[in-house]
Amino acid sequence: MLESEQKFAAGPDEPGVAELADLAELKELADLSELTEQWIRVLDELETQLLLEDPAAPPWTPPYDLAPMPESLRTRAGTLASAQILTITKLRDSLQAASAELATLAPIRQTTSAVYLDVMG
């Protein structure tokens, strides 16, 4: 069917096949743009929490209504995941060092009798 026939068949006020295809493509682009914006907000939030390194910060809760991540943001997400792994490793090392230090102090704390140190003589 020729384009002029498509327009005639659709009627004067109804969109033709080409216009409908254009509208569908525009809607797809708008949906992708909206999805990208949602993912950008999520990544921004995660990056902010990572930079603050605040142990008292409330835990992050993932949005359950989010569609799969657009391909254009995968590199950024991978970099963020690597930074999170590095931070987890640093925290684990700090925890182990603090635990070891506390373990060396434990015997001192368990002393029940008075201990005096003669510094004068």
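The set of residues in region 38-55 that are at pLDDT below 85 and either open to solvent by less than 60 Å² (accessible area, probe 1.4 Å) or of a type in the set (A, V, I, L, M) (or both) contains only L52.
To keep it simple, each residue is scored yes or no on (1) open to solvent by less than 100 Å² (accessible area, probe 1.4 Å); (2) not polar (S, T, N, Q).
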| residue | (1), (2) |
| --- | --- |
| T36 | yes, no |
| A57 | yes, yes |
| L66 | yes, yes |
| L73 | yes, yes |
| A77 | yes, yes |
| L102 | yes, yes |
| L117 | no, yes |
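One residue stands out among those in region 104-115 that are part of a helix (DSSP H, G or I) and open to solvent by 100 Å² or more (accessible area, probe 1.4 Å): the one that is modelled with the lowest pLDDT, which is R109.
Kindly check whether there is at least one residue in region 88-98 that is on the phi < 0 side of the Ramachandran plot, exposed (fewer than 11 other Cβ atoms within 10 Å of the Cβ) and in a loop (DSSP other than H, G, I, E, B). No: region 88-98 contains no residue that is on the phi < 0 side of the Ramachandran plot, exposed (fewer than 11 other Cβ atoms within 10 Å of the Cβ) and in a loop (DSSP other than H, G, I, E, B). Could you check, for region 20-34, whether at least one of its residues is at pLDDT 75 or above, under 16 Å from A77 (Cα atoms) and not small (G, A, S)? Scanning region 20-34 turns up no residue that is at pLDDT 75 or above, under 16 Å from A77 (Cα atoms) and not small (G, A, S).
The values are calculated or read from the model by the stated rules, or taken from the named source; none is laboratory data. Everything numeric in this text was worked out from a predicted model, so none of it was measured. In this analysis, Cβ positions are derived from the backbone assuming ideal geometry, glycine residues included, and neighbour counts consider all displayed protein chains. Ligands, DNA and RNA are excluded from the accessible area calculation, which covers all protein heavy atoms including side chains. Shrake-Rupley method; radii C 1.70, N 1.55, O 1.52, S 1.80 Å.
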